[in-house]
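Accompanying notes for the structure given below.
Readers should treat all values here as calculations from the given coordinates under stated rules, not as data from a laboratory. This is a predicted model, so every value here is computed, not measured. All Cβ positions, even for glycine, are placed from backbone atoms using ideal geometry, and neighbour counts span all protein chains on display.
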Amino acid sequence: MASVAATTIPFAAFAAGSLHSSMGSLEQAATQRLVRAEVVHVVLSLLLAATLISTVTVVAGSVGGAVEAIRNLALYAGLALVSGRLFGRSLSWILPIADFVIVDFWGVDGAHPHWWAWQFQVYDNGWSWIAAGAVLAAGLAALTLPPRIFGLTITRFSSSTSTA
Amino acid sequence: MRHVLRIELRRSPLRWLLPLLIALDLAMLFGRSTWWIGVWPEASAAAQLPAFFFGILLGGGAAWTAGRVHRAGTTEQLAAAMQPRWRIELPVWLSSLIFGLIAYVPGVALAFIVSAPDAGPGFLWPSYLLLGACLITLSVSIGHLAGKLWQSRFIPPIAVAVCLFGQVMVPPIRFYVLSGHVQAEVSPSALITRFTLTLLLTAMALTLPPRQVVRDAGWRLNTAPIRGIAAAMLFSGLATVVTAGPLLVARPAPADPLCSDESPRVCVWPENRKYLGTIDAMVARLVALPNGVLKLPDTFYERGLRDASVPEAGSDFQILAGPVSVPFFLSSAVTARTVPDCEVPQDVEQQFSHEVFRLDAYLQVRTFGNAAALGEGGGPPGVDIKEIVQVIHLPESGQADWIKDRLTAIRQIGANCHG
């Protein structure tokens, strides 16, 4: 179901982007307590997003599509969290949209999606779930690791963020 | 002004995106298919298509650039400036547009360079290139407008993606074509209305005040009618684009199509001249079958060269994504002439069509030179491809006998055959 391959992007970008704060650069140096709160925040907003989009998809008549939506949400949320770490949380949308552009253009060979076009796979494709889980785990790791270890934030982007 | 533009170009966050956009453009041009090389309209359309995809990222970048005023907290100050709004915003918008066009040009130049040797005299079709430039401008303007209107950091890029990718669902307002087959051209009225809509959106992107200013400073600017007028103009602009008709329209057939000297002749559109030799060789493989078992037409035409009212024009060949689609059409043209006209009783219909399908599959493989013509798991239903491959390896006379056997079987199964 190709439509949930695109419509889940805003949900994931909003969920990850809602971590944005005007004190972002200060918060990067905060204690583990804030990190835990942020993880809870992301998990809860993703649960909310998953509930919303899967409910709508089920109402629209596609139970399989709803399951795929949850998987795609996990995939894009992972990318959005990594993107937020790289470019600043306000720019969480960059990697999910870039991923979609690339996979939409190259991911389908004739009628069948390539194995790596995870968001185009049918809901019962096991590998796509493993991949989505791995990407989400990478995103959560990017969120929780201290900036010293994963300090790749490109400050040119985020400097204008923190002054707002 | 020029000085400000230079500063904007130097400071634009899009300069970080530019290498990515260029890489994406070139990868999309060459990384999926290369059959468009050497056919001017196809190459032009291929150079245009990446603009649609990188436009989503470009628009998001333009939105981020335009949203700078909100992030820096200067929304109010800008609204109270002495300079008219458009003069302040023009360099910002222009810098985003310049980055978009810089990403577009290398693909166009390379499409020309790689196509020139095969395609012969001519140039990329400006209509497709303009369409791509139009889409880039539209992406930047939508992004600029969205980034300015909403103070949110998340709504603008999503709005851009919805506006640009939403075109996939709404064909009448599409700003892109997937390919440029020679039988079609961009309709001038469709292109002009799209260009006008782009200008309109650009004017809005430069002049409309942000929502926040409208909300907080209503005492200073009576802006409510401006937004109403803008929405009405946008709606009528979209309606004009829809009423201007489809983006691609049929081209009139060329007065002098390109034809081979062999017999039977092969005629193609002049733009498709790089395929003439290949298709000629396909027809030669059919001619080479001994004993005149096949009945070939005098001329094989490409689709669109003959008037559609000619009875046989329906089976004129089409070149879809390269010459691999051609054997299918050649084979059906030959089968239609070769297979006798029979009455087929209902109980033997399946048997009859099975024989025709076998012959058809054989002819496709023969025409193309190998079984790749049928594609993976392709070919007519119920035909054993392995058997066809065995036949193709028989000596020429053996193959002719096999065809004769098929035709005899067809005559036996059908009733009252003639021809």
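Can you give me the three principal axis dimensions of the range A:1-40 from its C-alpha atoms, in Å, biggest first?
Sorted from largest, the Cα extents of the range A:1-40 read 42, 19, 10 Å.
So what's the convex hull volume per residue for the Cα atoms of the range B:258-418, in Å³?
119 Å³
So how tilted is helix A:126-144 from the main axis of chain A? Cα-based, degrees 0 to 90, rounded to 10.
10 degrees
Once both axes come from the Cα atoms, what is the angle between helix B:155-165 and the longest principal axis of chain B, in degrees from 0 to 90, rounded to 10?
The angle comes out near 30 degrees.
With the calculation restricted to Cα positions, what are the radius of gyration and Dmax of chain B in angstrom?
28.8, 94
Under Stokes-Einstein, with the Kirkwood radius over Cα pairs standing in for Rh, what whole-number D in µm²/s applies to the range B:296-343 at 20 °C and 1.002 mPa s?
Numbers: Rh = 11.4 Å.
Here the translational diffusion coefficient equals 188 µm²/s.
Restricting the count to DSSP beta bridges whose residues both fall in the protein assembly as shown, what percent are antiparallel, rounded to a multiple of 5? Don't skip to the answer; put the middle values down first.
Numbers: 9 of 13 bridges.
Within the protein assembly as shown, antiparallel bridges account for around 70 percent of the total.
Which lysines, on any chain, are close to residue B:404 with Cα under 19 Å apart, when same-chain ones fewer than 8 places away are left out?
Of all the lysines, those that pass the test against residue B:404 - Cα under 19 Å, at least 8 places apart if same chain - are B:295.
Amide H to amide H under 5 Å from residue B:266: which residues, 5+ apart in sequence or cross-chain, H placed 1.01 Å off N in plane?
For residue B:266, whose amide H was placed from the backbone, the distant partners under 5 Å are B:260, B:300.
Which order do peptides A:67-76, B:263-272 fall in by mean Cβ count within 10 Å, highest first?
Values: A:67-76: 26.4, B:263-272: 20.1.
With the highest mean Cβ count within 10 Å placed first, the list reads A:67-76, B:263-272.
All other residues with a Cβ under 14 Å from the Cβ of residue A:76 taken together, and with Lys, Arg as +1 and Asp, Glu as -1, what is their net charge? Could you put the intermediate results ahead of the total?
Details: positive: A:71; negative: A:68, A:99, A:104.
For residues surrounding residue A:76, the net value is -2.
Going out from 0 in 10 Å bins, what whole percent of all Cα-Cα distances in the range A:3-162 drops into each bin?
11, 40, 32, 14, 3, 0
Divide, for the range B:61-153, the radius of gyration over alpha carbons by 2.2 N^0.38 Å, where N is the residue count. Write out the running numbers ahead of the final one.
Details: Rg = 18.0 Å, N = 93, 2.2 N^0.38 = 12.3 Å.
For the range B:61-153, the normalised Cα radius of gyration is 1.46.
If you wrap a convex hull around the C-alpha atoms of the range B:1-128 and split its volume per residue, what is the figure in Å³?
Convex hull of Cα atoms, per residue: 116 Å³.
Tell me the Rg and the Dmax, in Å, that the Cα atoms of the range B:89-238 produce.
For the range B:89-238, the Cα-based Rg and Dmax read 18.1, 65 Å.
Suppose we keep just the alpha-carbon trace of the range A:1-98; what are its Rg and Dmax in angstrom?
14.2, 46
Could you go through the range B:121-138 in sequence order and give the Karplus-derived ³J(HN,Hα) for each residue, using 6.51 cos²θ - 1.76 cosθ + 1.60 with θ = phi - 60°, rounded to whole Hz, and x for Gly and Pro?
x, x, 8, 4, 7, x, 4, 5, 5, 5, 4, x, 5, 4, 5, 5, 4, 4
Across all directions of projection, what mean area in square nanometres is found for the Cα convex hull of the protein assembly as shown?
33.0 nm²
To test your reading of the geometry: what angle, between 0 and 90 degrees and rounded to tens, separates the Cα axis of helix B:224-243 from the longest principal axis of chain B?
So the helix axis and the longest Cα principal axis differ by about 10 degrees.
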